[in-house]
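Worksheet: the structure to be examined is printed underneath.
The values are calculated or read from the model by the stated rules, or taken from the named source; none is laboratory data. None of the values given here were measured: they were computed from a predicted structure. Cβ sites come from the backbone with ideal geometry, for glycine too, and all protein chains shown count toward neighbours.
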Amino acid sequence: MNITDFTPGKYDDFEGKTSVWGTKDVRIAIAFPNEAEGKEDEYLAKYLVSINEKLGWIEQNRQKVEQALLDNDMVSLAEDWASSAEEAEDEEQECYVVEDGQKVFLPISDEDFCKSLSLVAITLSFDEETLEAELILVCKPDYFACHCIMATINAENQVKCGGLAG
């Protein structure tokens, strides 16, 4: 991304959009530490390379993000949420109609769960020269009834699942 791809944000220092994992218009938010106040443009120029490196790492490491979600047992949680939806009567296999109208067959395979994931937003936060990322992901079908999955990537690119939000 270039400096011109960002605009001052309403809630963060800068906002922009990019394409990640084949999803267009993923919202990017940049949050600098308090000492950047009044110097946000300088900070953006100074850290643009780091921003692009972190975004590149995210683009290249979808499987690591997915594995963190699988390790946190998000598939079982998706099955729990989906099974609380209306049961589909016309199917031979256990099936539920979730909030977005799609049918979800149980059990959900790890592969189907990972294929359902879309990245909606990334917040990049700087804290004393370290850069961390917070990812907001949704599923299609909507296993989690309009809730999103949170994941974080620390400065060493270790991924942790933060559970559901929304």
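Residues that are surrounded by 17 or more Cβ atoms within 10 Å (Cβ to Cβ) and closer than 22 Å to THR152 by Cα within segment 89-120 comprise PHE113, CYS114, SER116, LEU117, LEU119, listed in sequence order. Scanning segment 54-63 for residues that are surrounded by 13 or more Cβ atoms within 10 Å (Cβ to Cβ) and in a helix (DSSP H, G or I) yields LYS54, LEU55, TRP57, ILE58, GLU59, ARG62.
Look at segment 34-60: where a residue is closer than 13 Å to MET1 by Cα, no partner that is of a type in the set (Lys, Arg) and not in a helix (DSSP H, G or I) sits 6+ places away or on another chain with Cβ atoms under 7 Å. Checked against the criterion of being closer than 22 Å to ILE149 by Cβ and under 21 Å from the mean Cα position of the chain (by Cα), the candidates LEU48, LEU69 yield just one match: LEU69.
Filter segment 94-142 for residues that are among the charged types (D, E, K, R) and part of a loop (DSSP other than H, G, I, E, B); which is farthest from VAL49 (Cα to Cα)? Reasoning before the result, please.
Narrowing segment 94-142 to residues among the charged types (D, E, K, R): 94, 99-100, 103, 110-112, 115, 127-129, 132, 134, 140, 142.
In the following step, the residues that additionally are part of a loop (DSSP other than H, G, I, E, B) were identified as 94, 99-100, 128-129, 140, 142.
Details: GLU94: 49, GLU99: 40, ASP100: 39, GLU128: 16, GLU129: 13, LYS140: 33, ASP142: 35 Å.
Among those that are among the charged types (D, E, K, R) and part of a loop (DSSP other than H, G, I, E, B), it is GLU94.
The number of residues in segment 64-88 that are in contact (Cβ under 8 Å) with a residue 12 or more places away in the chain and assigned to a helix (DSSP H, G or I) comes to 15.
When GLU91, GLU156 are checked against the criterion of being at pLDDT below 95 and part of a loop (DSSP other than H, G, I, E, B), GLU91 stands alone in meeting it.
Selection over segment 89-116 of residues that are more than 28 Å from TRP21 (Cα to Cα), in contact with a Phe, Trp or Tyr (Cβ under 6 Å, 6 or more places away or on another chain) and touching a residue at least 12 places away in the same chain (Cβ under 8 Å) gives a count of 1.
Considering only residues of segment 121-136 that are touching a residue at least 60 places away in the same chain (Cβ under 8 Å) and under 30 Å from GLU86 (Cα atoms), which is surrounded by the most Cβ atoms within 10 Å (Cβ to Cβ)? Of everything passing the filter in segment 121-136, LEU135 is surrounded by the most Cβ atoms within 10 Å (Cβ to Cβ). Exactly one residue among ALA36, ALA29, ALA68 is surrounded by 14 or more Cβ atoms within 10 Å (Cβ to Cβ), modelled with pLDDT under 95 and among the aliphatic types (A, V, I, L, M), and that residue is ALA36.
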